[in-house]
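Data block below; observations after.
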Amino acid sequence: MNETNNTELQLLNEIQKLRTELLSLHQTTETHTARLFNSEERFALAMRGASDGLWDWNLATDDVYYSPRWKSMLGYDDNELENNLTTWATLVHTEEKDSVLKKVQEYLTGEAEFFEVEMRMHHKNGHDIFVRSRAFKVTREPNSEPIRLIGTHVDITPQKKAKQFEERHNKIIEMIAKGKPVSEIYIEIALLYEERHPGLRCSMLELEGNILKHGGAPSLPKGYCDAVNGLVNGPGVGSCGTSTFTGQRVLVENIETDPKWAKLKHVALPYGMRCCWSEPIKNAAGKVLGAFGMYYDYPALPNKEESKDLVSASRLAGIVMERELNQKHIRDLAYTDELTGLSSRTHFYLNIDELVKTSARNNRQFGLLYIDLDNFKNVNDSLGHDVGDLLLKEVALRLKSACREIDYIARLSGDEFCIVVNDIVDDYGTAHVAQRCLDLIACPVEFVGRKYTPACSIGIAHYPENGNSLLTLLKAADTALYSAKDFGKNRYAFYQEELTLRAEYRFKVEQYLREAIEKQQLSIVYQPKIDINTGKIESVEALSRWYHPQLGEVSPTEFIKLAEQIGMIKPLTEWVLKTACNQLSLWHKAGFQTLRMAVNISPSHFLDSELVPLVKRIIDETDITPGDLELEVTEGVVQTNTKNLDVFERLKKLGVLLAIDDFGIGYSSFASLKHLNVDFLKIDKYFMDDMLTDKKARILIKSMIEMGHSLGYEITAEGIEKRKQFDLLQELECDSAQGYLFSKPISADEISKLLTRS
Ligand code: C2E
Ligand code: MG
Ligand code: MG
């Protein structure tokens, strides 16, 4: 009632003021021949003044009359704003000021027939409102020069917002229809409601089992979202944890005091959140899929509009969630092989396509195994399809256990499977997986009381050598599969035949090496190390030899590497250590008490925690002293990783001597020295080879000797073949040397003769 009276009063005041103005205008018209353009219209404006704001701009003085309604629309009292153009200029949105003034200009100069603009203006409360302004000019004769501009302001914020809301809403529907990623849609839904209610922040959480999963909350801080993501829902887990648990709306007016937030408020309050209303999101059947949350930075309960929006927002999010779940279900059905639970052919195709792309980008290789069961048709025919299915399931399990975590298995059809072997270093890696598959598949299995031994054939192709697309790769693997079948089944074949032969050879060698110790095919030769100053043999280095009846003499570099790869290096080193130390003990007993023995230790074994006890045991068993044993290891083992230094320390403590072998050719020669405490540096043969012809090589050797000496190491030169090399080394004050000049690696008997002679 009071409000109406006030409005009427305002209106009357307005009209009164206008009347006075009109009167004075008419008077001026008489004296200055000015004419009020369309004075009736201006009056009509005045009549609407209760809801529209009025303004009247004197173009000569820039004084502007703003009606009380004009001011109240922006949240101000009549006496709070001054009647000049600056008032408008400070209240209009900066982005729009110039364009509005331009329109004024166009209208005043007659370029535009009428004046009508929409602009954002700042409300006293801090938000913007949308205003539509129309105006008429007052001109003065004789040349119709404009002297004032009189206009209205209408608050069109509700219409504008409704339109924006509708546009955003339509956009979301379109996104859902187009199957855009849910995370993007969640963001749009949040923004839709946040725009409608200034200060509001929205979140959508998905419920997986009883775990809350972050869906979307573009205006909530990441720290808060991360803290909520993964929580188990329940009655005391904030508003959304509670609403997803009970299936009921939860309105928390004050996070600080509400018991439902007791355990969680410490993550919300620091980010300013003070109230939280949550609506459970449900599917058509009423199952809770998640929750829609609304937050404000002050304690509050929702008003009518907010309450309505909470429901509609959760329904909209529900459509998105349900659709996503359905699609996931459809995807799962299409991408999983029902019988075995492996990936389906569809998924396999997609996966390979994707893998080809990423491998091309990252310059990576992968292997493809095409597996086909041998004689599967017989099983189906003789034992029935049910048994056939059981066999396929069993095969799937076995293939899984033959693969590593990073590999990928799919069932393509009937009895055909595919394995993608990722991150392969060489074709041998793929052959290894294939061999494991063959071995595992070939274990007997019992069905309905009958024993059956399955078998399979495998074709192997490599990306990118044998094909750089899904189709070419599959074709290559298929071709390889056929050659495996042609060769008699129960085997694998590479697309490139030579690879099959090579892999087979390696498997054979592997097998032979496993038997080598047992069959006593290994032996040791010894190479003396000479004291450069006295010319005497100070130690001998034990070097392994392997002679195989079929393969002949195999180079130690080759079989040592293989032994490392197949886990044979430990027994091999143990054998060498034991044999060499026994031999040393014999020499000691024969009177060569000062002779020492050097044994090479592979880097991988050197870092093994069992090395130190092993060395200790052998020293004890063979009755030598620790100082009689030198262990040689390449510098690669140290690099800059100080973690490995522990082994050095423990071996030193034991009293054995340590040598860095092949020094100078590793990539961290100098860095390694920083941490080390060893007895010898053995400069690699590489430097000796051209020391007589290359000045640089000489300079390097000289520097290594000097540097080694200043660090307290003895220096040994490896691979000395010429007298001149020896002379030069003597000149450079090298301590000891080894090489064909003195002796090739020879048998223990021959060493005994050498020792006796010298
Ligand atoms: P290494 O420890 O650096 O041994 C020196 C290699 O250079 C030996 O080759 C030796 O025969 C050769 N050599 C020595 N003097 C000369 C020379 O004047 N001229 C030429 N051309 N060659 C010379 P070998 O016996 O073939 O051994 C090669 C590598 O295999 C060794 O290098 C060592 O790293 C490894 N190795 C041998 N036996 C064992 C073993 O029992 N265990 C381990 N872990 N590694 C071993
Ligand atoms: Mg050596
Ligand atoms: Mg060496």
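The values are calculated or read from the model by the stated rules, or taken from the named source; none is laboratory data. Remember, it's a predicted structure, so these values are computed and weren't measured experimentally. We place every Cβ from the backbone using ideal geometry, glycine too, and count neighbours over all the protein chains shown. Protein only, heavy atoms only, side chains kept; ligands, DNA and RNA dropped before computing areas. Shrake-Rupley method; radii C 1.70, N 1.55, O 1.52, S 1.80 Å.
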Problem set entry | Sole residue being out of contact with any helix residue (DSSP H, G or I) (no Cβ under 8 Å at 6 or more places or on another chain) and of a type in the set (A, V, I, L, M), chosen from L390, L373, L412, L399 | L390
Problem set entry | Residue count for segment 409-419, restricted to those that are surrounded by fewer than 23 Cβ atoms within 10 Å (Cβ to Cβ), part of a strand (DSSP E or B) and touching a strand residue (DSSP E or B) at 6+ places or on another chain (Cβ under 6 Å) | 3
Seminar exercise, completed: Pairs returned, first residue in segment 623-636 that is within 16 Å of ligand 3 (Cβ to nearest atom), second residue that is assigned to a strand (DSSP E or B) and basic (K, R), beta-carbon separation under 6 angstrom, 6 or more apart or interchain, are E630/R596
For this session: Considering each residue of segment 180-221, count those that are in a loop (DSSP other than H, G, I, E, B), more than 18 Å from Y271 (Cα to Cα) and over 25 Å from the mean Cα position of the chain (by Cα), and give that number.
Result: 3
Exercise. Can you tell me how many residues in segment 222-236 are open to solvent by 30 Å² or more (accessible area, probe 1.4 Å) and assigned to a loop (DSSP other than H, G, I, E, B)?
Worked result: 4
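Conditions tested, residue by residue: (1) within 12 Å of ligand 1 (Cβ to nearest atom); (2) surrounded by 15 or more Cβ atoms within 10 Å (Cβ to Cβ); (3) not assigned by TED's automatic domain parsing to the domain that holds A580.
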| site | (1), (2), (3) |
| --- | --- |
| F663 | yes, yes, no |
| L673 | no, yes, no |
| F687 | no, yes, no |
| K695 | no, no, no |
| I701 | no, yes, no |
| A717 | yes, yes, no |
| Y740 | yes, no, no |
| K753 | no, no, no |
Seminar exercise, completed: Within segment 623-634, of all residues that are within 16 Å of ligand 1 (Cβ to nearest atom) and at pLDDT below 95, the one least open to solvent (accessible area, probe 1.4 Å) is V633
For this session: Give the residue, chosen from A300, A317, that is open to solvent by less than 70 Å² (accessible area, probe 1.4 Å) and part of a helix (DSSP H, G or I).
Result: A317
For this session: Working only within segment 555-605, note down all residues that are within 16 Å of ligand 3 (Cβ to nearest atom), assigned to a loop (DSSP other than H, G, I, E, B) and of a type outside the set (G, A, S).
Result: I601
Seminar exercise, completed: Residue pairs within 7 Å by beta carbon, gap of at least six or interchain, first lying in segment 198-220 and of a type in the set (V, I, T), second part of a loop (DSSP other than H, G, I, E, B) and surrounded by fewer than 20 Cβ atoms within 10 Å (Cβ to Cβ), listed first then second, are I211/G230
For this session: Look at segment 258-281 and say how many of its residues are closer than 15 Å to Y296 by Cβ and part of a loop (DSSP other than H, G, I, E, B).
Result: 4
Exercise. Do you know which residues across segment 340-385 are in a helix (DSSP H, G or I) and among the polar types (S, T, N, Q)?
Worked result: T346, N351, T358, S359, N362, N378, N380, S382
Exercise. Can we say E145 is surrounded by fewer than 21 Cβ atoms within 10 Å (Cβ to Cβ), over 22 Å from G290 (Cα atoms) and either in the same structural domain as R315 (by TED's automatic domain parsing) or out of contact with any Gly (no Cβ under 7 Å at 6 or more places or on another chain) (or both)?
Worked result: yes
Exercise. Quick one: how many residues across segment 512-547 are in contact with a strand residue (DSSP E or B) (Cβ under 9 Å, 6 or more places away or on another chain) and within 16 Å of ligand 1 (Cβ to nearest atom)?
Worked result: 24
Exercise. Of the residues that make up segment 466-485, is at least one acidic (D, E), open to solvent by 60 Å² or more (accessible area, probe 1.4 Å) and either without any contact (Cβ under 8 Å) to a residue 40 or more places away in the chain or out of contact with any Lys or Arg (no Cβ under 9 Å at 6 or more places or on another chain) (or both)?
Worked result: no
Problem set entry | V647 vs. criteria without any contact (Cβ under 8 Å) to a residue 60 or more places away in the chain and more than 11 Å from ligand 1 (Cβ to nearest atom) | yes
Seminar exercise, completed: Exactly one of I406, I458, I424 is assigned by TED's automatic domain parsing to the domain that holds K485 and either assigned to a helix (DSSP H, G or I) or at pLDDT 95 or above (or both), and that one is I458
For this session: Check whether at least one residue in segment 519-536 is within 16 Å of ligand 3 (Cβ to nearest atom), under 22 Å from Q738 (Cα atoms), outside any strand (DSSP E or B) and not hydrophobic (A, V, I, L, M, F, W, C), and report yes or no.
Result: no
Exercise. Out of (1) in the same structural domain as I172 (by TED's automatic domain parsing); (2) in contact with a helix residue (DSSP H, G or I) (Cβ under 7 Å, 6 or more places away or on another chain); (3) assigned to a helix (DSSP H, G or I), what's the single condition that is false for E322?
Worked result: (2)
Problem set entry | Matching residues in segment 720-738 - criterion: being surrounded by 12 or more Cβ atoms within 10 Å (Cβ to Cβ) and among the basic types (K, R) | K722, K724
